[in-house]
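First up is the structure itself, then whatever we jot down about it.
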Amino acid sequence: MRYKCSSQYTIEKLSPSDFEEMVELFRRHYNLYELVEEFDKTKITQLIEQSKDFSLDNFLVAKLNGKIVSAVSYWNQIGFKKTIVQKYNGLFKGLFYVLKPIKILPIQGEPMKVLTIRHLICNECCPDAAKELLKYTIRLFRPQFRLFRVGFHEKDPLIQTLKGFPRIGLDVVLYAAFRNENPILIQKLQDSLIWEDMALH
């Protein structure tokens with residue numbers, strides 16, 4: 001599968017021959033974050049082997065002149081994690097009927113169709129490639145899913161990729177526990193980018 005964007009990027013499924021190049025992009029991208037394990041070949045292989053629903057087939061890459069400049073991974077977690085609306089009441093009942101033709105909200109008793117964007121990374125010179133990947137992923141899976149879940153640190157430059165998408169924002173607070181108080185480390189973490197795998201929450 002290969003898709004030519006309106007820009008200069010080509011989007012395609014990750015091929016095994018491109019795996020090491022993608023690993024290097026992961027390593028460089030997450031080097032800017034705190035509290036994250038180093039993304040090397042072993043780490044990414046472990047991520048892929050943790051679940052039968054997550055594999056190399058869950059990665060798309062954007063290429064510029066044959067080189068990977070951005071990557072996205074997506075995860076359909078419905079096999080082990082479901083959000084089911086038992087009943088709509090009050091205003092939500094009316095909202096359900098208003099939105100019923102476009103099938104955004106699930107039918108009562110059925111699981112919400114949500115696709116989780118697990119990783120979205122890019123070369124610092126090509127942030128627009130990440131937006132192209134996100135747009136393409138949503139377009140590709142829109143017939144199957146109505147909601148897409150993605151999480152960014154509030155200081156993450158990639159939060160700009162969400163501009164222009166209709167969305168609902170939820171704040172998630174990260175707490176860190178320290179055996180001994182370390183004001184310097186605490187201040188460093190408060191001022192830093194922190195990445196958390198929101199797909200696991």
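Every number in this text was worked out from the coordinates using simple rules, so none of it is lab data. The structure displayed is predicted, hence computed values, not measured ones. No Cβ is skipped: glycine too gets one built from the backbone with ideal geometry, and neighbour counts run over all protein chains shown.
Cut-off is 10 Å between beta-carbons; in what order do I48, I184 appear when sorted fewest neighbours first?
With the sparsest Cβ surroundings first, the list reads I184, I48.
Between T45 and F19, with labels modelled 7 Å along Cα→Cβ, what's the label distance in nm to one decimal, could you check?
If labels sit at T45 and F19, their model points lie 0.7 nm apart.
Expressed in whole Å with the largest first, what are the equivalent ellipsoid semi-axes of segment 1-151 derived from the C-alpha gyration tensor as the square root of 5 times each eigenvalue?
With the √(5λ) rule applied to segment 1-151, the semi-axes are 32, 18, 13 Å.
About the Cα centre of the chain, what is the dipole size in debye to 20, counting +1 per Lys and Arg Cβ and -1 per Asp and Glu Cβ, all else neutral?
Here the size comes out at about 1220 debye.
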